[in-house]
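Please read the structure below before turning to the comments.
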Amino acid sequence: MRTLRSLLESAENAFDRGDFDQYDQIDIDFHAAVVAASGNALLVDIYGGVLEVMRSSHAEITARLRSSA
């Protein structure tokens with residue numbers, strides 16, 4: 001739980017600073033930590049594939065936001 005709380009606090013700080021790249025990475029790390037904490041090996045394995053999609057989507061969204069600013 002300490003790790004999850006720390007990640008949430010870090011995400012809030014990054015968001016408040018407007019550091020959306022950092023926020024995105026922390027968001028991904030947070031969700032990966034939730035999945036890992038489940039102790040469900042199948043879920044961890046499946047989520048590995050989801051992480052790749054999330055990283056790609058976050059990068060694409062961030063690039064769009066930058067180009068429109």
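The values are calculated or read from the model by the stated rules, or taken from the named source; none is laboratory data. Quick caveat: nothing in here was measured; it's all calculated off a predicted structure. Here Cβ is always computed from backbone atoms with ideal geometry, including for glycine, and neighbour counts include all displayed protein chains. Each accessible area value is taken on the protein alone, full model and side chains, heavy atoms only, with ligands, DNA and RNA left out. Shrake-Rupley method; radii C 1.70, N 1.55, O 1.52, S 1.80 Å.
Criterion first (exposed (fewer than 12 other Cβ atoms within 10 Å of the Cβ) and touching a residue at least 12 places away in the same chain (Cβ under 8 Å)) does LEU65 satisfy it? Yes. Applying the selection to segment 1-12, what residues are open to solvent by 70 Å² or more (accessible area, probe 1.4 Å) and either assigned to a loop (DSSP other than H, G, I, E, B) or closer than 18 Å to SER57 by Cβ (or both)? The answer is MET1, and nothing else. Per the listing ALA69, ALA63, ALA33, ALA41, the residue uniquely among the small types (Gly, Ala, Ser), at pLDDT 90 or above and out of contact with any helix residue (DSSP H, G or I) (no Cβ under 6 Å at 6 or more places or on another chain) is ALA41. Where residues in segment 13-59 are without any contact (Cβ under 8 Å) to a residue 24 or more places away in the chain and open to solvent by 90 Å² or more (accessible area, probe 1.4 Å), which of them is nearest to THR3 (Cα to Cα)? That would be PHE15.
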